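Trainee: Handing you a structure now.
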Amino acid sequence: MAYSHLTHMRCWVKAGFAALLLCGGFTLPHAARAESITGAGSSFAAPLYQAWSAAAPSGVDVRVNYQTIGSGAGQNQILAGTVDFGASDAPMVHARLEAGKLVQVPTAIGGVVITANVPGIANGALRLSGPVLADIYAGSITQWNDARIAALNPDLHLPDQVIAPLHRADGSGTTYVFTDYLAHVSPQWKEGVGKGTSVAWPAGAGARGNDGIAAYVQNTAGSIGYLEYAYAERNHLALVQMQNHAGFFVSPSASSFAQAAQAAQWDEADLTAALSDVDGAQSWPIITTTYVLLPATATADNQGDAVRRFFRWGLVDGATVTQQLDYVPLPEQIRARALRRLGAE
């Protein structure tokens with residue numbers, strides 16, 4: 001059977017990329033004379049940037065060495081000038097951007113999903129609401145057969161099993177997105193814990209990276225965690241339906257991410273968007289934009305041109321790859337602004 005180049009790439013990414021992520025990064029050459037660029041940060045964005053690297057033609061002439069160390073560390077490394085670009089799901093605040101003389105550009109939209117290993121419950125059968133999820137992570141709901149969970153799942157036989165909530169141990173843009181969502185749906189969480197790339201978790205254990213969350217949940221009965229959709233899909237994790245802003249229970253999918261993205265309100269000046277718990281009957285409630293950070297004054301001598309060339313290719317010609325991995329391409333008007341920002345030398 002003959003397969004297209006993109007089909008080969010998609011199968012390889014979804015099946016074989018896990019080993020590379022567990023090693024902390026990847027390097028993908030295109031040609032012997034390719035410009036080498038280094039990046040670090042978001043594990044949420046790592047599957048996408050690797051897939052773009054694999055699919056980009058030799059004419060792009062860029063070899064990407066990317067370390068999946070978390071958004072917080074990615075921001076710190078680009079500020080320190082130790083990498084050519086940083087990657088973060090939490091947008092960097094204006095003061096830090098200006099102090100570091102950095103440009104921030106959105107690259108794609110994706111979903112943060114909830115995975116749970118509940119004995120006897122099939123993949124996709126469990127339903128949760130935002131307030132209940134917040135109380136699980138606050139430590140006030142501790143058993144899977146708690147009355148509040150049972151009320152959301154009248155047709156399920158929930159076990160008398162202790163809940164083991166899992167969170168990121170590293171500074172994480174995925175954590176920023178998740179805690180921002182919890183702050184939107186739970187006043188108690190907003191006042192008591194708040195949002196950030198790292199917070200003082202009231203309960204649960206920590207693991208490093210989206211891959212660490214995936215491995216822990218997969219092997220721990222009673223556990224629950226949050227992670228980027230590609231990691232859950234690749235590891236065949238059991239996913240949870242979430243009640244969205246409109247009151248409907250929805251499953252995570254490219255379609256429900258796209259519905260939420262369409263309802264998002266964008267700030268077209270700084271190219272950021274409010275994406276937590278947006279309206280829409282089929283909208284997934286926990287989505288985010290991921291960003292690339294690069295020096296505003298970068299030149300070809302320090303790989304600045306190569307960084308811009310790579311991400312321009314990803315935003316334009318890489319859109320098919322983006323969709324195949326169940327990320328959502330940027331809305332056209334935002335993509336156009338992002339391309340103009342990348343074009344500014």
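Trainee: How many residues are in a loop (DSSP other than H, G, I, E, B) and either at positive phi or surrounded by fewer than 17 Cβ atoms within 10 Å (Cβ to Cβ) (or both) when one looks only at the range 209-235? Break it down into steps so the answer makes sense when it comes.
Mentor: Just the residues of the range 209-235 that are in a loop (DSSP other than H, G, I, E, B), to begin with: 220-222, 235.
If we keep only those that are either at positive phi or surrounded by fewer than 17 Cβ atoms within 10 Å (Cβ to Cβ) (or both) too, we end up with 220-222.
The qualifying residues number 3.
Trainee: Any residue that is modelled with pLDDT of 95 or more, touching an Asp or Glu at 6+ places or on another chain (Cβ under 7 Å) and buried (at least 22 other Cβ atoms within 10 Å of the Cβ) - is there at least one of those in the range 271-288?
Mentor: Yes, because at least one residue in the range 271-288 is modelled with pLDDT of 95 or more, touching an Asp or Glu at 6+ places or on another chain (Cβ under 7 Å) and buried (at least 22 other Cβ atoms within 10 Å of the Cβ).
Trainee: For residues that are more than 13 Å from ALA169 (Cα to Cα), polar (S, T, N, Q) and crowded, with 17+ Cβ neighbours inside 10 Å, tally how many sit in the range 179-204.
Mentor: 2
Matching residues to (1) touching a strand residue (DSSP E or B) at 6+ places or on another chain (Cβ under 6 Å); (2) surrounded by 23 or more Cβ atoms within 10 Å (Cβ to Cβ); (3) outside any helix (DSSP H, G or I):
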site	(1), (2), (3)
GLY59	no, no, no
THR82	no, no, yes
GLU98	no, no, no
THR107	yes, yes, yes
VAL112	yes, yes, yes
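Trainee: Same structure again: Restricting the first residue to the range 263-281 and requiring it to be farther than 14 Å from PRO91 by Cβ, which pairs with a second residue that is among the hydroxyl-bearing types (Ser, Thr, Tyr) and modelled with pLDDT of 90 or more meet a Cβ separation below 7 Å and a spacing of at least six or different chains?
Mentor: ALA263/SER283; ASP277/TYR181
Residues are listed down the side, and each one gets a yes or a no for (1) more than 24 Å from the chain's Cα centre (by Cα); (2) in the same structural domain as ALA254 (by TED's automatic domain parsing); (3) touching a residue at least 12 places away in the same chain (Cβ under 8 Å); (4) not in a strand (DSSP E or B):
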| position | (1), (2), (3), (4) |
| --- | --- |
| VAL118 | no, yes, yes, yes |
| ASN123 | no, yes, yes, yes |
| PRO131 | no, yes, yes, yes |
| SER140 | yes, yes, no, yes |
| ARG148 | yes, yes, yes, yes |
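Trainee: Against the conditions (1) under 30 Å from VAL292 (Cα atoms); (2) of a type outside the set (Val, Ile, Thr); (3) not in a strand (DSSP E or B); (4) not assigned by TED's automatic domain parsing to the domain that holds TRP52, where does LEU166 fall short? Just the number, please.
Mentor: LEU166 satisfies all of (1) under 30 Å from VAL292 (Cα atoms); (2) of a type outside the set (Val, Ile, Thr); (3) not in a strand (DSSP E or B); (4) not assigned by TED's automatic domain parsing to the domain that holds TRP52 except (3).
The values are calculated or read from the model by the stated rules, or taken from the named source; none is laboratory data. Everything quoted here is computed from the prediction, not taken from an experiment. Virtual Cβ from ideal backbone geometry, glycine too; neighbours counted across all protein chains shown.
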